[in-house]
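Colleague: Got a structure for you, questions after.
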Amino acid sequence: MRTISGKARLAGVIGWPVTHSLSPALHGFWLGQYGIDGAYVPLNVAPAYLKEALALLPKLGFHGINVTVPHKEAAYALCDTKDIHARRIGAVNTILFDDTGRACGSNTDAAGFLENLREQYPALAGLSGRAAVVGAGGAARAVVCALADHGFTDIIVVNRTADRATDIAAAYEGKVRAVAWDAREAALEGAALLVNTTSLGMRGHPPLPLALDALPREALVADIVYTPRFTPLLSQAKTRGNPVADGLGMLLHQARPGFRAWFGREPEISESLRAHMQAAVEGKREDE
Ligand code: ATR
């Protein structure tokens, strides 16, 4: 068993409930792999205590934390500084406490999303034009930010609640369009990429109701859901011949900047890490 000393560097993930988080398994794997004297712990903090927790954690010696559901937007408002991605997304997922205890917030979800796609689909660089995004929550905001960075010029957002899609579109001046939920299938025509950012297709949730007939067969289909690893959407896409990218890699890639900042080592995404995380995903299922 790995042991830590009194000088161990501390980090963690703050959420409510935090039990769903796979980040402790992920960072714990890297800490063990590199023999780092450090710990990464789950912090189950109710929304009413978030502000207090963020003020107290650096005083307890924490170097930083990841932020997960439902705290990403509230943590954004509480951070002393925010990087460009956090500002564009309006949420933080990674916080570094500086020497004076100030909370420096960043958002690594957009970059993590793109790095995962690039890894699973090296031809991503050649994709441009239209991309379709299903959902308009926090995850969608990160994905739209990533797609705009990548250079897609016609990003369509479809969401059950139209106003949330319209809000995202308004922030991107002409690059992003909100399309009505009822028109979501026709909107897939001509798209080079389709991304599901909703919770539909996740274990315990119904599948995403989306017929793919209008989607070009060469379009890349990505899901940010990774429990199960191959969602009904990805299976449906694969069956009709579309290339697909699953969401587990986004979790791995978004975690790297935090680990580097808190523990001082650039972590790698190896096959043994993937196997470990796949087992952690399966383990969560057994817990349920
Ligand atoms: P996150 O921050 O993880 O993206 P969220 O803000 O709760 O989480 O967003 C969840 C997304 O899944 C939203 O786009 C939501 O649609 P609404 O904005 O209409 O709520 C979508 N979603 C969840 N359940 C859905 C369902 N049964 N049908 C259609 N969309 C659904």
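Table: residues versus (1) under 30 Å from residue 168 (Cβ atoms); (2) at pLDDT below 95; (3) in contact with a Phe, Trp or Tyr (Cβ under 6 Å, 6 or more places away or on another chain); (4) not in a loop (DSSP other than H, G, I, E, B).
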position	(1), (2), (3), (4)
7	no, no, no, no
10	no, no, yes, yes
31	no, no, no, yes
41	no, no, no, yes
59	no, no, no, yes
63	no, no, yes, yes
96	yes, no, no, yes
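Colleague: Let me ask something additional. Pairs only if they're at least six apart or on different chains, beta carbon under 8 angstrom, first in region 124-144 and without any contact (Cβ under 8 Å) to a residue 60 or more places away in the chain, second hydroxyl-bearing (Ser, Thr, Tyr) and not in a loop (DSSP other than H, G, I, E, B); list them, first residue then second.
Modeller: Pairs found: none.
Colleague: Of all residues being hydrophobic (A, V, I, L, M, F, W, C) and within 16 Å of the ligand (Cβ to nearest atom) in region 102-130, which is nearest to residue 233 (Cα to Cα)? Just the residue, please.
Modeller: 113
Colleague: Can you tell me how many residues within region 189-204 are at pLDDT 95 or above, within 16 Å of the ligand (Cβ to nearest atom) and either in contact with a Ser or Thr (Cβ under 8 Å, 6 or more places away or on another chain) or among the hydrophobic types (A, V, I, L, M, F, W, C) (or both)?
Modeller: If we filter region 189-204 for residues that are at pLDDT 95 or above, which is where we start, we get 189-198, 200-201.
Filter again for within 16 Å of the ligand (Cβ to nearest atom), leaving 194-198, 200-201.
Add one more test, that the residue is either in contact with a Ser or Thr (Cβ under 8 Å, 6 or more places away or on another chain) or among the hydrophobic types (A, V, I, L, M, F, W, C) (or both), and what stays is 194-196, 200-201.
Residues in region 189-204 being at pLDDT 95 or above, within 16 Å of the ligand (Cβ to nearest atom) and either in contact with a Ser or Thr (Cβ under 8 Å, 6 or more places away or on another chain) or among the hydrophobic types (A, V, I, L, M, F, W, C) (or both): 5 in total.
Colleague: Let me ask another. Can you confirm whether residue 233 is surrounded by 19 or more Cβ atoms within 10 Å (Cβ to Cβ) and either touching a residue at least 40 places away in the same chain (Cβ under 8 Å) or charged (D, E, K, R) (or both)?
Modeller: no
Colleague: Also: Checking residue 25 against (1) among the hydrophobic types (A, V, I, L, M, F, W, C); (2) at pLDDT below 95; (3) assigned to a helix (DSSP H, G or I), which test does it fail?
Modeller: All conditions are met except number (2).
Colleague: Continuing with the same structure: Scan 164, 177, 141 and give me the residue that is farther than 30 Å from residue 20 by Cα, touching a helix residue (DSSP H, G or I) at 6+ places or on another chain (Cβ under 9 Å) and outside any loop (DSSP other than H, G, I, E, B).
Modeller: Values: 164 fails: farther than 30 Å from residue 20 by Cα; 141 fails: farther than 30 Å from residue 20 by Cα.
Checking each option against the conditions leaves just 177.
The values are calculated or read from the model by the stated rules, or taken from the named source; none is laboratory data. Treat the numbers as computed from the prediction; the structure is a model and nothing was measured. Reconstructed Cβ throughout: ideal geometry from the backbone, glycine too, with neighbour counts over all protein chains shown.
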